[in-house]
Amino acid sequence: MYFCIVNPIQQIFSINNDSEFDEMALAIFKHQAEHCAVYASYIQHLNISPASISSVKDIPYLPISFFKTHEVLSDARKPEIIFSSSGTTGMVQSRHLVTDVGIYETSFNNAFEQFYGKIEHTCLLALLPSYLERDGSSLIYMVDALLKQSKHSDSGYFLHNHDELYLSLIHI
(Lines give C-alpha, C1' and ligand atoms only; values in the text may rest on other atoms or scores of the structure.)
Protein backbone atom coordinates (compact mmCIF):
# COMPACT_ATOMS: atom_id res chain seq x y z
CA MET A 1 0.00 0.00 0.00
CA TYR A 2 1.32 3.46 -0.87
CA PHE A 3 0.07 6.51 0.99
CA CYS A 4 -0.26 9.83 -0.77
CA ILE A 5 -0.48 12.87 1.48
CA VAL A 6 -3.43 14.43 -0.35
CA ASN A 7 -6.14 13.69 2.23
CA PRO A 8 -4.15 12.69 5.32
CA ILE A 9 -7.13 12.58 7.68
CA GLN A 10 -8.74 9.57 6.05
CA GLN A 11 -5.41 7.87 5.42
CA ILE A 12 -3.95 8.41 8.88
CA PHE A 13 -7.07 7.19 10.63
CA SER A 14 -7.40 4.09 8.49
CA ILE A 15 -4.04 2.58 9.52
CA ASN A 16 -4.58 -1.01 10.67
CA ASN A 17 -1.13 -2.40 11.43
CA ASP A 18 2.54 -1.60 12.08
CA SER A 19 3.47 -1.92 8.42
CA GLU A 20 0.86 0.63 7.36
CA PHE A 21 1.97 2.93 10.19
CA ASP A 22 5.61 2.73 9.06
CA GLU A 23 4.63 3.42 5.45
CA MET A 24 2.54 6.44 6.45
CA ALA A 25 5.28 7.77 8.75
CA LEU A 26 7.81 7.56 5.91
CA ALA A 27 5.41 9.28 3.48
CA ILE A 28 4.82 12.09 6.01
CA PHE A 29 8.57 12.40 6.60
CA LYS A 30 9.20 12.79 2.87
CA HIS A 31 6.36 15.33 2.60
CA GLN A 32 7.77 17.36 5.52
CA ALA A 33 11.31 17.14 4.14
CA GLU A 34 10.06 18.60 0.87
CA HIS A 35 7.47 21.13 2.04
CA CYS A 36 8.60 22.36 5.47
CA ALA A 37 11.46 24.82 4.95
CA VAL A 38 12.62 24.67 8.59
CA TYR A 39 12.74 20.86 8.58
CA ALA A 40 14.36 20.71 5.14
CA SER A 41 17.11 23.07 6.31
CA TYR A 42 17.56 21.08 9.53
CA ILE A 43 18.05 17.73 7.78
CA GLN A 44 20.28 19.36 5.18
CA HIS A 45 22.53 20.64 8.00
CA LEU A 46 22.62 17.07 9.34
CA ASN A 47 23.80 15.97 5.88
CA ILE A 48 20.81 13.65 5.54
CA SER A 49 19.21 12.98 2.19
CA PRO A 50 15.47 12.23 2.50
CA ALA A 51 15.93 9.46 -0.08
CA SER A 52 18.32 7.69 2.29
CA ILE A 53 15.64 7.25 4.98
CA SER A 54 13.92 3.89 4.60
CA SER A 55 13.02 3.09 8.20
CA VAL A 56 10.94 4.96 10.76
CA LYS A 57 13.72 4.60 13.33
CA ASP A 58 16.02 6.65 11.05
CA ILE A 59 13.72 9.66 10.72
CA PRO A 60 15.42 12.67 12.33
CA TYR A 61 13.15 14.47 14.75
CA LEU A 62 13.10 18.25 14.86
CA PRO A 63 14.21 19.45 18.32
CA ILE A 64 11.46 21.10 20.38
CA SER A 65 13.61 24.23 20.61
CA PHE A 66 12.89 24.89 16.91
CA PHE A 67 9.20 25.31 17.80
CA LYS A 68 10.28 28.16 20.09
CA THR A 69 12.39 29.96 17.50
CA HIS A 70 10.86 29.14 14.09
CA GLU A 71 7.47 28.95 12.40
CA VAL A 72 7.26 25.26 11.57
CA LEU A 73 4.77 24.84 8.72
CA SER A 74 4.60 22.59 5.71
CA ASP A 75 2.11 24.48 3.59
CA ALA A 76 1.31 28.05 2.66
CA ARG A 77 -2.01 28.20 4.49
CA LYS A 78 -2.35 30.40 7.55
CA PRO A 79 -2.74 28.53 10.83
CA GLU A 80 -6.33 28.01 11.94
CA ILE A 81 -5.11 27.90 15.53
CA ILE A 82 -1.81 28.24 17.39
CA PHE A 83 -1.22 26.06 20.43
CA SER A 84 1.54 26.95 22.87
CA SER A 85 3.40 25.01 25.50
CA SER A 86 2.89 25.84 29.14
CA GLY A 87 6.54 26.78 29.66
CA THR A 88 7.70 28.34 32.89
CA THR A 89 7.84 31.97 33.96
CA GLY A 90 10.16 33.92 31.70
CA MET A 91 10.63 31.04 29.26
CA VAL A 92 9.87 31.27 25.57
CA GLN A 93 6.94 28.98 24.78
CA SER A 94 7.02 26.55 21.91
CA ARG A 95 4.28 27.08 19.35
CA HIS A 96 2.40 24.52 17.30
CA LEU A 97 0.90 26.21 14.25
CA VAL A 98 -2.06 24.14 13.06
CA THR A 99 -3.38 24.72 9.53
CA ASP A 100 -6.07 22.01 9.75
CA VAL A 101 -7.59 21.75 13.21
CA GLY A 102 -9.84 18.98 11.85
CA ILE A 103 -6.92 16.53 12.03
CA TYR A 104 -6.42 17.32 15.73
CA GLU A 105 -10.14 17.01 16.44
CA THR A 106 -10.47 13.72 14.57
CA SER A 107 -7.43 12.39 16.42
CA PHE A 108 -8.66 13.07 19.95
CA ASN A 109 -12.24 12.07 19.16
CA ASN A 110 -11.16 8.75 17.64
CA ALA A 111 -8.73 8.06 20.47
CA PHE A 112 -11.31 8.85 23.13
CA GLU A 113 -13.87 6.56 21.54
CA GLN A 114 -11.33 3.76 21.05
CA PHE A 115 -10.23 3.77 24.71
CA TYR A 116 -13.33 4.96 26.59
CA GLY A 117 -16.37 4.63 24.32
CA LYS A 118 -18.69 7.28 22.97
CA ILE A 119 -18.18 10.67 24.60
CA GLU A 120 -21.93 11.28 24.54
CA HIS A 121 -22.33 8.54 27.18
CA THR A 122 -19.38 9.63 29.34
CA CYS A 123 -19.24 11.86 32.38
CA LEU A 124 -16.16 14.05 31.99
CA LEU A 125 -14.96 15.83 35.14
CA ALA A 126 -12.19 18.28 34.27
CA LEU A 127 -9.84 19.55 36.96
CA LEU A 128 -7.17 21.48 35.05
CA PRO A 129 -6.33 24.61 37.06
CA SER A 130 -2.93 25.47 35.59
CA TYR A 131 -4.25 24.96 32.05
CA LEU A 132 -7.46 26.95 32.48
CA GLU A 133 -5.50 29.96 33.62
CA ARG A 134 -3.56 30.39 30.39
CA ASP A 135 -4.24 30.79 26.66
CA GLY A 136 -3.19 28.49 23.84
CA SER A 137 -3.54 25.11 25.54
CA SER A 138 -4.25 22.21 23.18
CA LEU A 139 -5.45 20.21 26.21
CA ILE A 140 -8.09 22.83 27.06
CA TYR A 141 -9.14 22.93 23.40
CA MET A 142 -9.61 19.15 23.49
CA VAL A 143 -11.43 19.08 26.84
CA ASP A 144 -13.73 21.94 25.75
CA ALA A 145 -14.67 20.02 22.61
CA LEU A 146 -15.25 16.78 24.52
CA LEU A 147 -17.34 18.56 27.19
CA LYS A 148 -19.54 20.04 24.45
CA GLN A 149 -20.12 16.52 23.09
CA SER A 150 -20.84 14.90 26.44
CA LYS A 151 -24.54 14.54 27.18
CA HIS A 152 -23.92 13.70 30.84
CA SER A 153 -25.45 16.29 33.20
CA ASP A 154 -22.50 16.10 35.66
CA SER A 155 -19.81 16.81 33.04
CA GLY A 156 -17.90 20.07 33.46
CA TYR A 157 -14.91 21.97 34.77
CA PHE A 158 -14.12 22.07 38.48
CA LEU A 159 -11.44 24.75 38.75
CA HIS A 160 -11.59 25.60 42.45
CA ASN A 161 -14.89 23.99 43.31
CA HIS A 162 -13.60 20.81 44.94
CA ASP A 163 -16.75 20.25 47.01
CA GLU A 164 -18.88 20.10 43.86
CA LEU A 165 -16.30 17.81 42.26
CA TYR A 166 -16.49 15.49 45.28
CA LEU A 167 -20.31 15.41 45.10
CA SER A 168 -20.14 14.64 41.37
CA LEU A 169 -17.70 11.82 41.99
CA ILE A 170 -19.84 10.13 44.65
CA HIS A 171 -22.99 10.72 42.56
CA ILE A 172 -21.68 8.91 39.49
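Annotations
- Only listed residue being farther than 30 Å from HIS35 by Cα and in contact with a Lys or Arg (Cβ under 9 Å, 6 or more places away or on another chain), chosen from GLU71, GLU113, GLU120: GLU120
- If you check ILE5, ILE28, ILE43 for being modelled with pLDDT of 95 or more and surrounded by 15 or more Cβ atoms within 10 Å (Cβ to Cβ), only one passes: ILE43.
- The number of residues in segment 154-172 being surrounded by 15 or more Cβ atoms within 10 Å (Cβ to Cβ) and either closer than 11 Å to THR122 by Cα or of a type in the set (Asp, Glu) (or both) comes to 2.
- Residue within segment 139-153 that is among the hydroxyl-bearing types (Ser, Thr, Tyr), surrounded by 15 or more Cβ atoms within 10 Å (Cβ to Cβ), modelled with pLDDT of 95 or more and touching a helix residue (DSSP H, G or I) at 6+ places or on another chain (Cβ under 7 Å) present: yes
- Any hit, segment 69-81, residues being in contact (Cβ under 8 Å) with a residue 60 or more places away in the chain and surrounded by 12 or more Cβ atoms within 10 Å (Cβ to Cβ): yes
The values are calculated or read from the model by the stated rules, or taken from the named source; none is laboratory data. Computed from a predicted model, the values in this text were never measured in an experiment. All Cβ positions, even for glycine, are placed from backbone atoms using ideal geometry, and neighbour counts span all protein chains on display.
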